[in-house]
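Read-outs throughout are calculated quantities, based only on the coordinates presented, and are distinct from any laboratory measurement. What you are looking at is a predicted structure, and each value in this text was computed from that prediction instead of being measured. Cβ sites come from the backbone with ideal geometry, for glycine too, and all protein chains shown count toward neighbours.
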Amino acid sequence: MPITRAILSALVLVLALTSSACLGTGNSVNVYGGKRTLEASDWSDVDNPTVYGADAVLKLNLPWLNVEGGWFHTEEDGSNIGAITDADLGIDEYFVGLRVTPWKILFEPYGSIGVSYVDSQLDATGASDSDEVLAYYARVGAAFTIGLIRLGLDGRALFGSDVSLDTIEADVDGYYLTAFIGLGF
C-alpha cells in the first residue's frame with residue numbers, strides 16, 4: 001500500500017499549498033449521491049451501482065479558477081460478473097483537480113479536470129481481490145445557491161482506470177450522475 005500513502009500525501013500537500021491562495025468567498029463543501037454506469041463489457045451484469053461522496057472546493061486568487069478535492073465510493077452488492085457469482089464490487093476514488101467557474105449569477109455552472117487514485121475491491125463466492133490505479137476525470141455541473149446552501153447536479157466521467165480483479169482484466173471507467181447539497185462560504 002505504499003502508493004496509497006504517497007497519493008494521499010500528495011493530495012494533502014496540493015490542498016495545503018493552494019489553500020493559502022484562497023479568497024474568502026467561493027469556497028464550498030458538498031455531499032453527493034446518485035448512480036454510476038460502468039463502461040466495460042466485463043461489468044455488464046453490474047446494473048447502475050450507487051455512488052456517494054464528498055468534496056471541498058477552494059476558490060483561488062485567479063479569475064474563474066478553483067481547486068477541488070474529494071472522495072467518491074461506488075458499491076454494487078450481489079451481482080454476477082461473468083463466471084464470478086454473488087460479487088460485491090466496491091470502488092473508492094480519491095481525486096484532486098482544477099475547476100473553472102465562468103460566472104455566478106442565478107446559478108453557477110462549472111467544469112473541471114483532474115487526477116484520481118482508484119482503489120477497486122471485489123469480494124465474491126470463493127474469490128477476493130483488489131487493485132489500485134491512477135486515472136483521470138472530467139466533470140461538468142451546475143449549482144444553485146440559496147444563502148449558504150448549495151443545490152445542484154453533477155456529471156462526471158472517469159478514464160484510464162485499467163484494473164485486474166480476480167479473473168477480470170478490465171477497467172472501471174464510467175459515468176456518474178449525482179445530485180448534491182452543500183455549504184458555500
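At an R0 of 30 angstrom, the distance between the Cβ atoms of residue 35 and residue 145 translates into a FRET efficiency of 0.75.
Would you kindly state how much longer the chain becomes between residue 128 and residue 177 on full extension, computed as 0.36 nm times their sequence separation minus their alpha carbon distance, in nm to one decimal? Don't skip to the end; give the middle numbers.
Values: separation 49, 0.36 × 49 = 17.64 nm, distance 2.82 nm.
Between residue 128 and residue 177, full extension yields an extra 14.8 nm.
Pulled fully out, how much extra length does the chain show between residue 159 and residue 54, if you take 0.36 nm times their separation in residues and subtract their Cα-Cα distance? Mind dumping the intermediate values first?
Working: separation 105, 0.36 × 105 = 37.80 nm, distance 1.98 nm.
Full-extension gain reported as 35.8 nm.
How large is log10 of I(q)/I(0) for the range 131-185 at q = 0.20, 0.21, 0.22 Å⁻¹ when the intensity is taken from the Debye formula with one equal scatterer per alpha-carbon? Summing over Cα pairs of the range 131-185 leads to -0.75, -0.78, -0.81. Using only alpha-carbon positions in the range 92-146, the gyration tensor eigenvalues give semi-axes of 35, 13, 6 Å once each is multiplied by 5 and square-rooted (largest first).
Label-to-label distance for residue 61 and residue 106 is 3.5 nm, based on points extended 7 Å past Cα in the beta-carbon direction.
With both labels modelled 7 Å from their Cα along Cα-to-Cβ, the residue 71 to residue 113 distance reads 2.8 nm. Ratio of Rg to Rh for the range 33-185: 1.03 [Cα atoms; Kirkwood radius as inverse mean 1/r over pairs].
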